[in-house]
Amino acid sequence: MLNLLTECDVAQRLHVSLASLRRWRLERRGPRFIKVSSLVRYRPEDVEEWLAALPTGGAGFKHDAVSSIEAERYRKSARA
């Protein structure tokens, strides 16, 4: 059986509010998720992959790790 994370689990691990995580999902900028009926669940490996693709330490974006679309979304959200 899969070890799936709930919205609350992911929000706690990322130290963000549940509302932020839900907004990211609506804006298609957070970790990949799956729907189990009406429930939202996250695979731990999807959350880790998403975190690994985020820019770090001012080194800029690695275009092989982050698609140009995701990079542009991140830039727009950082300006807001």
- Query: Once amide H atoms are placed 1.01 Å from N in the peptide plane, what residues at a sequence separation of 5 or more from Val40, or on another chain, have their amide H within under 5 Å of its amide H?
  - Reply: none
- Query: Which order do Leu54, Leu26 take by accessible area at a 1.4 Å probe, largest first?
  - Reply: Leu26, Leu54
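The values are calculated or read from the model by the stated rules, or taken from the named source; none is laboratory data. Since the structure is predicted, the reported quantities are computational estimates derived from the model, not experimental observations. We work out accessible area using only protein heavy atoms, side chains counted, and drop any ligands, DNA or RNA first. Shrake-Rupley method; radii C 1.70, N 1.55, O 1.52, S 1.80 Å.
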